[in-house]
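This report refers to the structure that appears directly beneath it.
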Amino acid sequence: MPELPEVETIVRDVDRLARGATIQSVDVLRPDLIVGATADAFRRCVEGRTIRRVTRRAKNIVIDLGADRLVVNLGMTGRLLVTDAGAPLPSHLGVRFGLTDRRLLLYQDVRRFGRLQCIPVGEWEERDRALGFEPLLDEFTPGALHDLARRSRVAVKTWLMDQRRVVGVGNIYASEALFRAAIDPRRPANSLSFAESERLHRAVREVLTEAIEFRGTTLLDYRDASGQEGGFSRRLRVYDRAGDACRACGHPIERIVQGGRSTFYCVRCQR
Ligand code: ZN
């Protein structure tokens, strides 16, 4: 499932490749991907509009169309691709946007947990306000993390993945950040000292920033807007490395299940 760095990579790509282009045609091949409107209403909302800017909020790709926002959530296996006219169309195509310069903006989704929506800017802003802290913005401070953590007895790894508090951190980057912060993922969130909260805050930012630099992590499905895999997979320190030697101490990495999701960590390095 794409997390913040993967969505950010796609957002930067699509902004670079498609900003200024006008959406001339919209073909909805999978109407179940459209939320809150019929495929026809969706088409009318998007068609003829110019892409002014592409940004990210949490795991949402937000395309500024003027008075409306085209909001794309990739779900588990969604991809947003910009292709040249005449390039072969991918399988599992959900929505095809034809751009003025004859290129295509394609939404592809094998498992179809993704969703697309075209909504007035006011409605989007209301939703935006209900989302948790953006971990890379200044508003997210060590104090803010500590204040939120103090109110929860949930295991810190599961806590970190709760999008109502801090957005964009999923299974991969929660495990990686806790390793970098040397914190045991099983500990209750409210057991973190201020110093540990500071360490975790720094680790979350570091791992997300590095993962963006390397254009995200591809385990299976994720691709950037040009269809390329992310380069961060080889830099993972614990995620998906059960039984392999810890890069810091050599002890085998453990895998446990928390909240139905795999957690990877080093019992020696993380306390
Ligand atoms: Zn270790």
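The values are calculated or read from the model by the stated rules, or taken from the named source; none is laboratory data. As the structure is a computational prediction, the values presented were derived from the model and not from experiment. Virtual Cβ from ideal backbone geometry, glycine too; neighbours counted across all protein chains shown. These area figures cover heavy atoms from the full protein model, side chains too; ligands, DNA and RNA do not enter into them. Shrake-Rupley method; radii C 1.70, N 1.55, O 1.52, S 1.80 Å.
Taking every protein chain into account, the accessible area of the chain amounts to 45 square angstrom per residue (probe 1.4 Å). For region 67-118, a/c is not less than 1.5, where a ≥ b ≥ c are the root eigenvalues of the C-alpha gyration tensor, and a/b does not top b/c. That puts it in the oblate class. Reported to the nearest whole Å, the Cα centre-to-centre distance from region 38-80 to region 191-266 is 29. Computed per residue of the chain from DSSP H runs no shorter than four, each worth -39500 (n - 2.57), the mean residue ellipticity at 222 nm is -8500 deg cm²/dmol. At a 1.4 Å probe, what is the % contribution of carbon and sulfur to the accessible area of region 142-265? Reported share for carbon and sulfur atoms: 45 percent. Computed over region 4-129, relative contact order equals 29 percent, with contacts defined as Cα pairs under 8 Å that lie 6+ residues apart.
Taking a point 7 Å out from the Cα of SER226 in the direction of its Cβ, the residues of region 43-63 whose backbone N falls within less than 19 Å of it are 54. Determine the shape class of region 4-129: with a ≥ b ≥ c the square roots of the Cα gyration tensor eigenvalues, call it rounded for a/c under 1.5, and otherwise prolate if a/b is greater than b/c, oblate otherwise. Rounded, since a/c falls under 1.5. Take the Cα of LEU93, step 7 Å toward its Cβ, do the same at GLU134, and the gap between the two points is 3.3 nm. Contact order for the chain, expressed relative to its length and based on alpha carbon pairs under 8 Å spaced 6+ residues apart, stands at 19 percent. Within region 4-35, what residues put their amide N at less than 14 Å from the label point 7 Å along the Cα-to-Cβ vector of GLU123? Hits in region 4-35 for GLU123 at 14 Å: 34-35. Cβ-Cβ distance of ALA248 and THR50, R₀ of 51 Å, FRET efficiency by 1/(1 + (r/R0)^6): the value works out to about 0.55. Measuring nothing but alpha carbons in region 151-271 and taking Rh as the Kirkwood radius, the Rg to Rh ratio lands at 0.96.
Shown for region 4-129: the carbon plus sulfur share of the solvent-accessible area, taken with all protein chains present and a 1.4 angstrom probe, equals 45%.
Our compactness index for the chain, the C-alpha radius of gyration over the empirical 2.2 N^0.38 Å, is 1.06. For region 30-38, the Karplus equation 6.51 cos²θ - 1.76 cosθ + 1.60, evaluated at θ = phi - 60°, returns couplings of 10, x, 5, 7, 8, 9, x, 7, 6 Hz by residue, with Gly and Pro reported as x. How many angstrom lie between the Cα centre of region 1-33 and the Cα centre of region 172-189? After rounding, the separation between the Cα centres reads 31 Å.
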